[in-house]
Amino acid sequence: MEKRTFAIGNIRPPFHANSLLLQVTENCTWNRCNFCTLYRGGQFKMRSAEDVKKDIDTVAYYRDKIFEKYDGKDFDMDKIMREYSSLSVEEKNCYAMVFNWIRSDNMKTVFLQDANTTSIRLDVITDILRHLRKILPSLEVVSSYGRADTLTRLDVDGFKALKEAGLTMIHSGYESGCNDVLKLLNKGTTREQQIEAGQKIKAAGIDFNVFYMPGSGGKALSERNAIETADVINQIDPEYIRIRTFVVKPQTPMWEIAKGNDFQELTDIEKLQELVLMTENLKGIKSYLISDHIINLLPRFEGYINKDKEDMLRYAKEFLNLPKNKQMEFQLARRLCYNVDYNMMNYMPSEDMTQIREVIKNISSPQEWEELLRRYLRQYI
Ligand code: SF4
């Protein structure tokens, strides 16, 4: 019997955990950012529109099979499990993804993999999008990554065509709005391209999500990284600004660069200070700033810039004004993945606090402290 499978790539943004993943392309068109290992060794490939459309049909097939076991209130899990058990390993992966998408996402979101799907030919991607919308009409959010350099190749009408075909959101790893930082990262993009791409996307009515990496310029470029990134964002007013605090990752060119004099990594606290400075410089925009990654120090540094900015800054500054030992206790708890905030440390189990204090007591230098935090942080990147 013919196997019913669809392609699923390994990499997705964390906030697409429950989305349907649809592999339209493979790998990254650039693949040379100094801090990134995601697609190392992989060649960018475009899948044929016919293959992707077949995948969409297979998703619909599993969706319908699963709904045959729905009585209007809940799924018959015995029947679901029987059907699942009868499948091959590859089919099981597809079935499980569709079931999770139905149960956890209500079939509303799809992410088009991989790292730069918006770079493919406009007629091909719109053809795929139209089929997607026809076959899976419950979708509300259809999103894709796009690099600023390739996004600038489209004009506003091109983005409007994407929107009309069904694309609702573009994510872009801007990382920094400072050209010198972008050069240091070997990002292959410029702030001018970022502004142009972002403004066109907004003009076409597509939601836009940019990523910023506080600390990515190191000590020397920290202030410019904050101010120039805020300036780029102010000129776009994207729907979302997502924070991904920079940590140097082993086995990347950045790791080697950081051993020399060209890059001095900021401390955990200095990275937060850079984020605060960037946020202070965000003006006249309605973007929602999101801190949805464990790598960021403060879990609740989030909100609408036009409404919540002052509260966000107060919250961060309260932490920055704490006595050093209180800051360290929270930093370590956060880096050990405790679900706490700095103003909730009283709720930590007392044995755990004793251990945290013991670790801090044995730290002999600021360098040792930063290295300890970075060791934990590197587990999350
Ligand atoms: S563009 Fe994105 S996926 Fe590609 S190398 Fe850079 S960070 Fe990695």
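The values are calculated or read from the model by the stated rules, or taken from the named source; none is laboratory data. These numbers come from a predicted model, not from an experiment. Cβ: placed from backbone, ideal geometry, glycine included. Neighbour counts: every protein chain shown. Just so you know, the surface numbers come from the protein's heavy atoms only, side chains and all, with ligands and any DNA or RNA stripped out. Shrake-Rupley method; radii C 1.70, N 1.55, O 1.52, S 1.80 Å.
Below is a table of values for the structure above.
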| item | result |
| --- | --- |
| Segment 191-217 versus segment 250-298: alpha-carbon centroid distance in Å | 17 Å |
| Accessible area expressed per residue, segment 1-160, with surrounding protein chains retained (probe 1.4 Å, Å²) | 50 Å² |
| Kirkwood estimate for segment 45-147, i.e. one over the average of 1/r between Cα atoms, Å | 14.9 Å |
| Carbon and sulfur %, accessible surface of segment 323-381 computed with the full protein complex present, 1.4 Å | 51 percent |
| Percent breakdown of C-alpha pair distances by 10 Å bin, ordered from the shortest bin, for segment 323-381 | 21, 58, 21 |
| Accessible area per residue in Å² at 1.4 Å probe, computed on segment 323-381 | 60 Å² |
| Most mobile listed residue (Ile241, Ile285, Ile360) in the chain, GNM with C-alpha springs under 10 Å | Ile360 |
| Computed magnitude of the charge dipole of the chain (debye, nearest 20; Cβ of K, R +1, Cβ of D, E -1) | 280 debye |
| Ordering of 161-172, 44-55 by packing [mean C-beta count within 10 Å, highest first] | 161-172, 44-55 |
| Protein accessible area in segment 14-322, 1.4 Å probe - carbon and sulfur % | 48 percent |
| Selection from Val181, Leu272, Phe6 lying farthest towards where the dipole of the chain points positive, charges on Cβ | Phe6 |
| Unit Cα scatterers, Debye sum, segment 14-322: log10 I(q)/I(0) for q = 0.07, 0.11, 0.12, 0.15 Å⁻¹ | -0.31, -0.74, -0.86, -1.19 |
| Segment 323-381 - charge dipole about Cα centre, Lys and Arg +1 at Cβ, Asp and Glu -1, debye rounded to 20 | 160 debye |
| Computed Kirkwood radius, in angstrom, where 1/r is averaged over Cα pairs of segment 146-213 | 12.0 Å |
| Mean Cβ count within 10 Å, highest first, over the residues of peptides 27-37, 209-219, 65-75, 181-191 | 209-219, 181-191, 27-37, 65-75 |
| Where GluC sites (Glu not before Pro) fall in DSSP loop in segment 279-374, at most 16 other Cβ within 10 Å | none |
| Net charge, Glu280 excluded, C-beta distance under 14 Å - Lys, Arg +1, Asp, Glu -1 | -3 |
| Per residue solvent-accessible surface (Å²) - segment 253-293, probe of 1.4 Å | 46 Å² |
| Rounded tilt (10° steps) of 366-378 against the dominant C-alpha axis of the chain | 10 degrees |
| Inter-probe distance in nm under a simple model that places probes 7 Å from Cα toward Cβ, at Glu90 and Glu318 | 5.4 nm |
| On Cα atoms only, tilt of 222-234 relative to the major axis of the chain in degrees | 40 degrees |
| Cysteines, the chain, no other Cys beta-carbon under 4.7 Å | Cys28, Cys94, Cys178, Cys337 |
